[in-house]
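The values are calculated or read from the model by the stated rules, or taken from the named source; none is laboratory data. No experiment lies behind these values; they were computed from the predicted model shown. Every residue, glycine among them, receives a Cβ derived from its backbone with ideal geometry; neighbour counts consider all protein chains shown. SASA here: full protein model, heavy atoms, side chains in, ligands and nucleic acids out. Shrake-Rupley method; radii C 1.70, N 1.55, O 1.52, S 1.80 Å.
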Amino acid sequence: MQKVAYLNRIVAAGVVAVIRADTADEAVRLSDAVIAGGVTAIELTFTVPHADQAIATLSQKYAADDRVIIGAGTVLDPITARMAITSGAEFVVSPSFNPDVATVCNLYAIPYTPGCVTPTEIQHALEAGVDLIKLFPGSLTGPSMVKAIKAPFPYVSIMPTGGVSLENMADWFEAGVSCVGAGSNLTAAAKTGDYAGVTKTAAAYHQKLVEIRSAH
């Protein structure tokens, strides 16, 4: 039931922070800042040099905190997927669907969340055992796409990434998403070294999530 437990933690977290940085140390520091603000799901991308080391560091640091879940993003191939998983990643995210990555994740009972935007891609992902679809890029589709997808696939769980902000988060959840991915809108303050600012923004995202969920 490991896969189900991890999926439940992602959905409970509600907001998945997409972490991009120039070094592994910066990625860890940025993740720490986000978690301190209450956003407890981390998607650390493999565009970060030595991303596997950063994932290992975070996995060990937060091993005792069952609110925090550390995953890997921008996983494009099965070798990277296995590297992420053996480093401690508890979920794997891709910008597109790769059946070989799905196979590796299923073997290790790790949730795989591929980027899909068409009904064909979504069906192929579901057939491969995917439980959470990343609607990507969300900025191109908007919340209306969620309702369109859920007409033929009413049971699908969706996480939009790209184009999610504090201003439109409620619209996404109203449309029926299970959680959202937030990147540059959440972590922008880090570009000037303002990690306290990142924590403040993360706290605002967490508070918005609490408000959205308490209203339903």
Report summary line: Note on segment 16-36: residues farther than 11 Å from THR47 by Cα, touching a helix residue (DSSP H, G or I) at 6+ places or on another chain (Cβ under 6 Å) and open to solvent by less than 40 Å² (accessible area, probe 1.4 Å) are ALA17, VAL28, LEU30, SER31, ALA33, VAL34
Query raised in the report: If a residue has to be part of a loop (DSSP other than H, G, I, E, B) and either open to solvent by less than 40 Å² (accessible area, probe 1.4 Å) or in contact (Cβ under 8 Å) with a residue 12 or more places away in the chain (or both) to count, how many in segment 110-143 make the cut?
Result: 12
Query raised in the report: Quick one: would you say PHE153 is in a loop (DSSP other than H, G, I, E, B) and open to solvent by less than 40 Å² (accessible area, probe 1.4 Å)?
Result: yes
Report task. Give ALA54, ALA64 a once-over and let me know the one that is under 29 Å from LYS208 (Cβ atoms) and touching a strand residue (DSSP E or B) at 6+ places or on another chain (Cβ under 7 Å). Result -> ALA54
Report task. Report, by residue number, each residue of segment 1-37 that is within 22 Å of LEU132 (Cα to Cα), modelled with pLDDT of 95 or more and in a loop (DSSP other than H, G, I, E, B). Result -> GLY14, ARG20
**Report entry** Extreme residue, farthest from VAL34 (Cα to Cα), among residues of segment 179-216 that are basic (Lys, Arg) and at pLDDT 95 or above
**Finding:** ARG213
Query raised in the report: So which of ALA89, ALA63, ALA84 ends up being under 16 Å from HIS50 (Cβ atoms), in contact with a Gly (Cβ under 9 Å, 6 or more places away or on another chain) and assigned to a loop (DSSP other than H, G, I, E, B)?
Result: ALA89
Report task. Mind listing whichever residues of segment 1-26 are over 15 Å from VAL93 (Cβ atoms) and hydrophobic (A, V, I, L, M, F, W, C)? Result -> MET1, VAL4, ALA5, ALA12, ALA21, ALA24
**Report entry** Matching residues in segment 188-216 - criterion: being closer than 20 Å to ARG67 by Cα and hydroxyl-bearing (Ser, Thr, Tyr)
**Finding:** THR199, THR201, TYR205, SER214
